[in-house]
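The values are calculated or read from the model by the stated rules, or taken from the named source; none is laboratory data. Predicted, not measured: the structure shown is a model, and the values here were computed from it. With ideal geometry, Cβ positions are generated from the backbone for all residues, glycine too; neighbour counts draw on all protein chains shown. Surface areas here come from the heavy atoms of the whole protein model, side chains and all, with no ligands, DNA or RNA. Shrake-Rupley method; radii C 1.70, N 1.55, O 1.52, S 1.80 Å.
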Amino acid sequence: METREKAVVVFSGGQDSTTCLFWALKQFKEVVALCFRYGQKHILEVDMAHAIARRAGVEFFEMEVPLIGTLGRNSLTDESVEMDSRKPAESYPNTFVPGRNLFFLSIAAVFARERGIFDLVTGVSQTDFSGYPDCRDSFIRSLNVTLNLAMDEQFVIHTPLMWRDKAQTWALADELGVFDIVRTQTLTCYNGIPGDGCGACPACVLRKRGLDQYLRQKRGDGLE
């Protein structure tokens with residue numbers, strides 16, 4: 001991809017969005033990080049996101065959008081809902097926050113437009129995800145068209161992780177020179193524990209499985 005001028009990264013401070021932040025810094029001359037407080041119980045992620053953005057030298061913005069967390073019942077924003085340990089057979093996991101990526105990207109597009117920015121970056125992935133419908137490529141493509149029609153602009157939503165599994169995402173972080181930052185200074189855990197996390201929630205299980213796979217591959221390739 002040719003170097004573009006500016007991009008807004010939808011940034012949570014987790015593994016995926018942090019990898020995307022540093023990917024964006026390689027692709028764009030200027031990067032802005034936009035983080036949301038939507039009533040998530042693992043709110044420490046916002047503080048960690050701010051620290052990562054500061055270290056990366058990018059401008060950081062927080063936005064309060066509590067409505068997103070109250071519209072649907074889910075275990076990430078509702079203390080009374082016990083978190084699913086695995087994806088139900090015929091439904092979405094209750095860690096799914098309905099409309100979250102729809103709202104995040106729509107708000108990010110308006111935020112970016114007001115600053116003359118038309119490139120958006122998000123860490124969604126269809127390859128290795130928790131069954132969330134708003135992480136699918138078809139959704140992102142559809143929303144991209146909708147945003148362009150809604151504001152008569154030419155936004156481009158970049159999804160550098162869309163076709164990468166978690167092991168490949170770890171590999172990308174390593175290629176970008178931020179493996180240690182991603183491993184120790186991000187917060188992916190739904191229980192709000194930084195780094196390798198609690199090890200038991202769905203996000204931690206997925207992250208660890210990918211990490212173990214990547215480290216095995218790296219040892220096998222003689223890269224350590």
- Query: In percent, what relative contact order does the stretch 67-196 have, based on Cα pairs under 8 Å that are 6 or more apart in sequence?
  - Reply: 18 percent
- Stretch gain in nm, segment Val205-Glu62, where the contour uses 0.36 nm per residue and the Cα spacing is subtracted: 48.7 nm
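With each run of n ≥ 4 DSSP H residues scored as -39500 (n - 2.57), what mean residue ellipticity at 222 nm is computed for the chain after dividing by its residue count and rounding to the nearest 500 deg cm²/dmol? If you can, show how the numbers build up before the last one.
Working: 8 runs with 96 residues, N = 224.
Result for the chain: -13500 deg cm²/dmol, rounded to the nearest 500.
Arrange the residues Lys218, Lys41, Lys29 by how much accessible surface each exposes, largest first, with a 1.4 angstrom probe. Kindly include the intermediate steps, with their values, before the conclusion.
Numbers: Lys218 40, Lys41 75, Lys29 145 Å².
Descending accessible area places them as Lys29, Lys41, Lys218.
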- Net charge of Cβ neighbours under 13 Å - reference Val81; Lys, Arg +1; Asp, Glu -1: -2
- Peptides ranked, highest mean first, by Cβ atoms within 10 Å: ranges 106-118, 15-27: 15-27, 106-118
- Message: Can you give me the distance in nm between label points at Arg37 and Glu153, each placed 7 Å from the Cα along the Cα-to-Cβ direction?
- Response: 2.5 nm
- Just flag the GluC sites (Glu not before Pro) in the stretch 1-62 sitting in loop per DSSP whose Cβ has no more than 11 other Cβ atoms within 10 Å. Glu2
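Full extension from Ser80 to Arg113: what is 0.36 nm times the residue separation minus their Cα-Cα distance, to one decimal in nm? Don't skip to the end; give the middle numbers.
Values: separation 33, 0.36 × 33 = 11.88 nm, distance 3.79 nm.
So the chain would gain 8.1 nm between Ser80 and Arg113.
Could you give the semi-axes, largest first, of the ellipsoid that matches the stretch 1-135, computed as the square roots of 5 times the alpha carbon gyration tensor eigenvalues and rounded to whole Å? Don't skip to the end; give the middle numbers.
On the way: eigenvalues 146, 49, 39 Å².
Equivalent ellipsoid of the stretch 1-135: 27, 16, 14 Å, largest first.
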- Query: Give me the log10 of I(q) over I(0) for the stretch 146-224 at q = 0.14, 0.20, 0.26 Å⁻¹, as the Debye formula computes it from C-alpha points; what are the numbers?
  - Reply: -0.57, -0.89, -1.25
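Set the Förster distance to 22 Å, then compute FRET efficiency between Gln27 and Val145 from the Cβ-Cβ distance, nearest 0.05. Please report the intermediate quantities before stating the final value.
Working: r = 22 Å, r/R0 = 1.00.
Efficiency for this residue pair is about 0.50.
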- Carbon and sulfur atoms: what percent of the 1.4 Å accessible area of the stretch 123-205 do they account for? 49 percent
- Report relative contact order for the chain in percent, whole number only (criteria: Cα-Cα under 8 Å, sequence separation at least 6). 22 percent
- lysines within cross-link reach of Lys218: Cα-Cα under 24 Å, excluding same-chain residues under 8 positions apart? Lys26, Lys166, Lys208
